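To start, the structure under review is shown below, and the notes come after it.
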Amino acid sequence: MTYERDRMGREKRTIAAMVGIFCSGNHGSTGVLCGNCREMLDYALARLEKCPFGAEKGPCSKCEMHCYKPAMRDKVRLVMRYAGPRMLKKHPILAVKHLLYGRG
C-alpha cells in the first residue's frame, strides 16, 4: 500500500466514522446513514478523491485551496464538532491519528 493510499484511506475512514456518529446521535440512524448524511459523506469522499495534493495532502482545515462549497464546509464542521469528542470512545485509534495528523 502506498503512502498516498494509506493517508487517503485513513481520511476516508475518519470522515465516514464521524458522519456515522453524527447521524446516529442526531438522526437516530442505526447502521445506515440517513439521506442527508449519506449525501454529505458522498460529497466529502468525492472531494478527497479529487484532492490535487494527493500524497502531499495536509489537513483540510489548514488548506489554502477550499474544495468544499461553503454550505457543505459548514455542515462538515458541524459534524466534526459533534463527532470529534465522541471519536475517542468509538474509534480511539482513528481519533488519535486524526488529532496527530491535524497538527501537521
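Computed from the coordinates by the stated procedures, all read-outs in this text should not be read as laboratory data. Computed from a predicted structure; not experimentally measured. As a convention, Cβ positions derive from the backbone with ideal geometry for all residues, glycine included, and neighbour counts pool all protein chains shown.
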Tell me which of GLY28, PRO85, CYS60 sits at the most positive position along the dipole axis of the chain, charges placed on C-beta atoms (Lys, Arg +1; Asp, Glu -1).
PRO85
Which of the chymotrypsin sites (Phe, Trp or Tyr not before Pro) found in the range 1-62 are in a DSSP loop and have at most 16 neighbouring Cβ atoms, other than their own, within 10 Å?
PHE53
Matching label, Cα extents along the principal axes in Å computed from the structure shown, candidates [x] 70, 35, 23; [y] 37, 29, 23; [z] 56, 27, 20:
[y]
Which aspartates and glutamates have a Cα lying under 18 Å from the Cα of LYS50, excluding residues fewer than 8 positions away in the same chain?
GLU4, ASP6, GLU11, GLU39, ASP42, GLU64
Could you sort out which of LYS12/LYS62; LYS69/LYS89; LYS12/LYS97 sit more than 19 Å apart by Cα distance in this structure?
LYS69/LYS89
Once GLU49 and ASN36 are pulled to full extension, the length gained, defined as 0.36 nm per residue separation minus their Cα-Cα distance, is 2.7 nm
Could you give the length gained on full extension between ARG81 and ARG13, defined as 0.36 nm per residue of separation minus the Cα-Cα distance, in nm?
22.8 nm
Phi-derived 3J(HN,Hα) across the range 25-37 with the Karplus relation (6.51, -1.76, 1.60, θ = phi - 60°), rounded Hz, x for Gly and Pro, is x, 9, 10, x, 6, 9, x, 10, 6, 5, x, 5, 5
In debye to the nearest 20, how big a dipole does the chain give about its Cα centre with +1 on each Lys and Arg Cβ and -1 on each Asp and Glu Cβ?
280 debye
